[in-house]
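What follows is calculated from the coordinates using simple rules that are stated; it is not laboratory data. What you are looking at is a predicted structure, and each value in this text was computed from that prediction instead of being measured. Because the Cβ atoms are built from the backbone with ideal geometry, glycine has one as well, and the counts that use them run over all protein chains shown.
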Amino acid sequence: MRNLWNAHMYWTLITVDAYYNDPKGLNAKLDRLLQNQKDIGAAIVPYYGQAAGDQLAKLLTEHIQLAVPVLKAAKENNKEALDKAVKDWYANAKDIGSFLASANPKNWTTKETQGALEMHITHTIAYSVSILKGDYTQSFGGFEEALHHMVHLADILTEGITKQFPDKF
């Protein structure tokens with residue numbers, strides 16, 4: 001889980017940077033980021049089944065797709081569009097959190113998983129704004145904070161899976 005969520009963070013960072021600074025590299029980086037969402041979904045298939053893996057991959061793909069209007073509105077300094085895009089992005093985070101909690105309710109609470117994914121959005125917005133402003137020192141600090149948070153989420157997910165399926169470990 002850690003490797004997959006670390007990759008999620010890495011590919012998100014370089015895709016955000018490409019969106020603002022490297023249009024030629026954007027599609028290749030975005031494709032790789034989208035593949036990571038499928039990889040995360042595939043990682044839960046041995047425990048929760050193909051349908052659950054597909055559903056998680058779908059929700060995570062939407063998570064990536066919903067970032068684009070946020071980045072676009074921020075770049076265009078369009079507050080109305082930004083507010084709507086951010087609201088939609090947080091709603092998706094809640095959907096992902098609810099999905100995860102429903103898969104393992106004894107080990108993951110809805111509040112915990114939704115909160116963790118909402119914090120991921122908050123962190124991503126913060127370092128993305130820093131990239132947009134060209135403040136790379138700030139963006140790297142924000143990214144490090146986001147990465148530590150995501151490692152914590154990966155550990156929560158791993159611990160929950162091992163508790164729910166101890167015979168598979």
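The table that follows gives values for the structure above.
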| item | result |
| --- | --- |
| Span from the segment 88-110 Cα centroid across to the segment 1-36 one, whole angstrom | 23 |
| Set of lysines near Lys72 by C-alpha distance (under 21 Å), chain-local residues within fewer than 8 positions excluded | Lys24, Lys29, Lys84, Lys87, Lys133 |
| Diffusion constant of the chain at 20 °C, which comes from Stokes-Einstein with the Kirkwood Cα-pair radius and 1.002 mPa s, µm²/s | 132 |
| Estimated D of segment 71-152 in µm² per second, where Rh is the Kirkwood radius over Cα pairs and Stokes-Einstein applies at 25 °C, 0.890 mPa s | 180 |
| In segment 82-169, the trypsin sites (Lys or Arg not before Pro) that fall in loop regions by DSSP, at most 11 other Cβ within 10 Å | Lys106 |
| Computed magnitude of the charge dipole of segment 1-161 (debye, nearest 20; Cβ of K, R +1, Cβ of D, E -1) | 220 |
| All lysines inside 29 Å of Lys168 as judged from Cα atoms, apart from same-chain residues fewer than 8 positions distant | Lys38, Lys58, Lys94, Lys106, Lys111 |
